[in-house]
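Structure first, commentary second.
The values are calculated or read from the model by the stated rules, or taken from the named source; none is laboratory data. Source: prediction; values computed, not measured. With ideal geometry, Cβ positions are generated from the backbone for all residues, glycine too; neighbour counts draw on all protein chains shown.
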Amino acid sequence: METKVLTKDFGLDHLYRIGVYLEQGGYRAVKKALTEWKPEQVIDEVKKASLRGRGGAGFPAGLKWSFVPQKTDKPKYLCVNADEGEPGTFKDRSIMAHDPHLLIEGIIIAAYAVGIHTAYIYIRGEYELIARRLEGAIGEAYAKGYLGKNILGIGFDLELYVHRGAGAYICGEETGLLESLEGKRGNPRLKPPFPASVGLFQSPTVINNVETLANVPFIILNGAGWFLERGSPKDGGTRIFGVSGAVNKPGIYELPVGTSLREIIFTHAGGLKPGRALKAVIPGGMSCPIFKADEVDVKMDCDCVAAAGSMLGSGAVIVIDDRTPILDVLSKVAKFYAHESCGQCTPCRLGTSWIHKIVKRMAAGKGRADDVETLVRLSTNIKGRTLCPLGDAAALPVLAIARKFKAELENTMKGNA
């Protein structure tokens, strides 16, 4: 069975309207946090809950909040990363479409905890309907006094805005997002300094993913212990896994952190279509190294997936069957990252372009005997040598495919050397 927390009310009609949300107990967590708890208590509770970021990096949310200086002359900002550009990922879209007030409630609590009075939801430009739904929900929250001046009469102010991006994958990287939000080209910044001290408009900034913040109201209402019981000791709560590809029941599944990848595929997503066998799985979005069919007995939490040689990422599980040529998968990966590289770093700009050219030639039946080794060499020279994580995101899946499916790739090119 699924363990539904964030998604438990998704079937309700008009849940995105504040009246329905309030009927389900909405904004009780805001009232509890703002009227009963001090800001530092909120941060401590989120730390105890081991809420790790749901956007890809898996960094503990409460720890990130605690890095923001409390005493500063500069304004502080909260930026919600709703860009969701990782191929295979669609769980944040579901939260914002069905239950936008849950996100808003998490934003208010996080802002209160860190002493922030201005927040932005940076949403990818293609999410037109969802952006409008968010804007409508924000308007309702203002009308009810949950946003704006003197929230709940405690003297806390918060202004919340929706900012639409232009569909660039690089703007999902936190500093690229900040540059775009400031009206510049979305080129990532060199770190350090980190956004917690020098972020939006050169001021202290918290950047969190949509699903991360949507968990916060449940931690406040039920406590850190309750949240930990639904996950693992170092990675609390549930995760929304978006399963796509060669399964009978693609969709989103909310499950305890630590649920095995095999269970997600064969129990919840209904297994593969008749007559097909599992070939490979990408466990957390296209930037994550691929698993072969015999590697899916892994617990889906940040540490276990990392120990198995990949990343939990955004929880986007892409299932590949035995009828899909691995060269087709490699072609999609190579084309995407060559297109999305911002071009700042030479290894990424040139490396992704060369990888794409080689793979495109291989797919056209003009592969060479040393192409697979060349892909490994190029990817190795990108990995760890770029200004932002896009270089690793481009290199790691290519490396994994080239190494784990070397024989298939070479067999595809036999006679073309």
Worksheet item: How many residues are in contact with a Gly (Cβ under 6 Å, 6 or more places away or on another chain) and outside any helix (DSSP H, G or I) when one looks only at the range 290-306?
Response: 2
Item to complete: Among residues belonging to the range 274-285 that are part of a loop (DSSP other than H, G, I, E, B) and in contact with a strand residue (DSSP E or B) (Cβ under 7 Å, 6 or more places away or on another chain), point out the one that is surrounded by the most Cβ atoms within 10 Å (Cβ to Cβ).
Response: GLY284
Discussion item. Residue under question is ILE123, and the condition is that it be touching a Lys or Arg at 6+ places or on another chain (Cβ under 7 Å), crowded, with 22+ Cβ neighbours inside 10 Å and assigned by TED's automatic domain parsing to the domain that holds ALA33; does it hold?
Written reply: yes
Discussion item. Take the residues in the range 286-314 that are farther than 17 Å from ARG239 by Cα and among the charged types (D, E, K, R); name whichever of them is surrounded by the fewest Cβ atoms within 10 Å (Cβ to Cβ).
Written reply: ASP294
Practice prompt. Confirm whether LYS64 is under 30 Å from SER287 (Cβ atoms) and in the same structural domain as ALA224 (by TED's automatic domain parsing).
Written response: yes
Discussion item. Criterion first (β-branched (Val, Ile, Thr) and either surrounded by fewer than 20 Cβ atoms within 10 Å (Cβ to Cβ) or assigned to a loop (DSSP other than H, G, I, E, B) (or both)) does VAL198 satisfy it?
Written reply: yes
Worksheet item: All but one of (1) crowded, with 21+ Cβ neighbours inside 10 Å; (2) under 30 Å from ILE264 (Cβ atoms); (3) touching a Lys or Arg at 6+ places or on another chain (Cβ under 7 Å) hold for SER341; which doesn't?
Response: (2)
Fill in: Subset of the range 346-374 [in contact (Cβ under 8 Å) with a residue 40 or more places away in the chain, part of a helix (DSSP H, G or I) and under 14 Å from LEU330 (Cα atoms)]
THR352, ILE355, MET362, ASP371
Fill in: Selection from the range 7-40 of residues that are more than 23 Å from GLY145 (Cα to Cα) and not in a loop (DSSP other than H, G, I, E, B)
GLU40
Worksheet, complete the sentence: Note on the range 41-88: residues assigned to a helix (DSSP H, G or I) and aromatic (Phe, Trp, Tyr) are TRP65
Item to complete: Considering (1) crowded, with 18+ Cβ neighbours inside 10 Å; (2) farther than 23 Å from PRO250 by Cα, say which one PHE336 fails and leave the rest.
Response: (2)
Worksheet item: Got at least one residue in the range 59-82 being among the aliphatic types (A, V, I, L, M), surrounded by fewer than 24 Cβ atoms within 10 Å (Cβ to Cβ) and more than 15 Å from LEU134 (Cβ to Cβ)?
Response: yes
Discussion item. I'm told LYS249 meets every condition in (1) assigned by TED's automatic domain parsing to the domain that holds LEU312; (2) touching a residue at least 40 places away in the same chain (Cβ under 8 Å); (3) surrounded by fewer than 19 Cβ atoms within 10 Å (Cβ to Cβ); (4) assigned to a loop (DSSP other than H, G, I, E, B) except one. Can you identify the failing condition by its number?
Written reply: (2)
Worksheet item: Could you count how many residues in the range 377-407 are in contact (Cβ under 8 Å) with a residue 12 or more places away in the chain and either assigned by TED's automatic domain parsing to the domain that holds LEU177 or surrounded by fewer than 16 Cβ atoms within 10 Å (Cβ to Cβ) (or both)?
Response: 5
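So which residues in the range 146-166 are touching a residue at least 40 places away in the same chain (Cβ under 8 Å), farther than 24 Å from ARG133 by Cβ and either of a type in the set (Asp, Glu) or in a strand (DSSP E or B) (or both), if there are any at all?
Listed by number, the residues that qualify are PHE156, ASP157.
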Worksheet item: Scanning the range 269-295 for residues that are of a type outside the set (Gly, Ala, Ser) and within 21 Å of the chain's Cα centre (by Cα), which turns out nearest to GLU340 (Cα to Cα)?
Response: MET286
Discussion item. Against the condition at pLDDT 95 or above, in a helix (DSSP H, G or I) and buried (at least 23 other Cβ atoms within 10 Å of the Cβ), how does LEU213 come out, does it pass?
Written reply: yes
